[in-house]
1. Of the conditions (1) open to solvent by less than 70 Å² (accessible area, probe 1.4 Å); (2) closer than 19 Å to residue 127 by Cβ; (3) assigned to a loop (DSSP other than H, G, I, E, B), residue 60 satisfies every one except a single condition; which number is it?
2. Go over the candidates 88, 114, 33 one by one and state the one that is of a type in the set (Gly, Ala, Ser) and at pLDDT below 95.
3. For residue 128, are the conditions met, namely being open to solvent by 80 Å² or more (accessible area, probe 1.4 Å) and either at pLDDT below 95 or within 14 Å of the chain's Cα centre (by Cα) (or both)?
4. If a residue must be over 19 Å from residue 121 (Cβ atoms), among the hydroxyl-bearing types (Ser, Thr, Tyr) and assigned to a helix (DSSP H, G or I), how many such residues does the range 76-109 contain?
5. Step by step: first the residues of the range 40-57, then only those that are open to solvent by less than 30 Å² (accessible area, probe 1.4 Å) and assigned to a helix (DSSP H, G or I), then the one that is farthest from residue 124 (Cα to Cα). Which residue is that?
6. May I ask you to verify whether residue 104 is in contact with a Lys or Arg (Cβ under 9 Å, 6 or more places away or on another chain) and either of a type in the set (Val, Ile, Thr) or modelled with pLDDT under 95 (or both)?
Amino acid sequence: METHTQHDPLNPINYKEDREHARNQLIFDALQSLSLEYLGEDATEYINNTEEFTDVNDIFDDLQNNGFFDVEIIYYCKAIEYLKENDSSLWDSLEIAKEYGYTLENINSELLASLHATKQREDKFWQDVEPKLNELI
């Protein structure tokens, strides 16, 4: 004889689980729409743990660890064009490279442009996405 456990919506444990699941789904959906709107890509594909969204820092760390923010600008001409438009003095790019332990001997235009674009994407997350996610969390 087979027994089935029925879902009792009035059970406080089920209610809490349902509420947490609905809240996480709301945050997940918000992350998806916000990342598409402000960052041009669906960030939810880079999330490992969708069970508990308790802190925007955890979401950021998960995205960062899974490469969501990484921008790779290849080809010298594209890198030079990017740097000309976004960091013509190279000051910001060189500072970012220094933070990551690069020296003048091991950098090139593609690396500088990629590091700068990655940092810009991270900053855009904190500026546009984080405040709205924080309202939900």
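The values are calculated or read from the model by the stated rules, or taken from the named source; none is laboratory data. Keep in mind it's a predicted model, so treat the numbers as computed, not measured. With ideal geometry, Cβ positions are generated from the backbone for all residues, glycine too; neighbour counts draw on all protein chains shown. SASA here: full protein model, heavy atoms, side chains in, ligands and nucleic acids out. Shrake-Rupley method; radii C 1.70, N 1.55, O 1.52, S 1.80 Å.
1. So the condition that residue 60 fails would be (3).
2. Working: 114 fails: at pLDDT below 95; 33 fails: at pLDDT below 95.
Answer to the check: 88.
3. Values: open to solvent by 80 Å² or more (accessible area, probe 1.4 Å): no; either at pLDDT below 95 or within 14 Å of the chain's Cα centre (by Cα) (or both): yes.
For residue 128, the condition - open to solvent by 80 Å² or more (accessible area, probe 1.4 Å) and either at pLDDT below 95 or within 14 Å of the chain's Cα centre (by Cα) (or both) - is not met.
4. 1
5. Taking the range 40-57 first, the residues open to solvent by less than 30 Å² (accessible area, probe 1.4 Å) are 42-44, 47, 53, 56.
Narrowing further to those that are assigned to a helix (DSSP H, G or I): 43-44, 56.
On the way: 43: 13, 44: 16, 56: 14 Å.
Filtering the range 40-57 for residues that are open to solvent by less than 30 Å² (accessible area, probe 1.4 Å) and assigned to a helix (DSSP H, G or I), the one farthest from residue 124 (Cα to Cα) comes out as 44.
6. Working: in contact with a Lys or Arg (Cβ under 9 Å, 6 or more places away or on another chain): no; either of a type in the set (Val, Ile, Thr) or modelled with pLDDT under 95 (or both): yes.
So residue 104 fails the test.
Okay, residues lined up against (1) without any contact (Cβ under 8 Å) to a residue 60 or more places away in the chain; (2) closer than 21 Å to residue 116 by Cβ; (3) out of contact with any helix residue (DSSP H, G or I) (no Cβ under 7 Å at 6 or more places or on another chain):
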site: 54; (1), (2), (3): no, no, yes
site: 63; (1), (2), (3): no, yes, no
site: 69; (1), (2), (3): yes, yes, no
site: 74; (1), (2), (3): yes, yes, no
site: 78; (1), (2), (3): yes, yes, yes
site: 81; (1), (2), (3): yes, yes, yes
site: 86; (1), (2), (3): yes, yes, no
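Yes/no matrix, rows are residues, columns are (1) among the polar types (S, T, N, Q); (2) over 26 Å from residue 46 (Cα atoms):
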position: 93; (1), (2): yes, no
position: 97; (1), (2): no, no
position: 102; (1), (2): no, yes
position: 109; (1), (2): yes, yes
position: 115; (1), (2): no, no
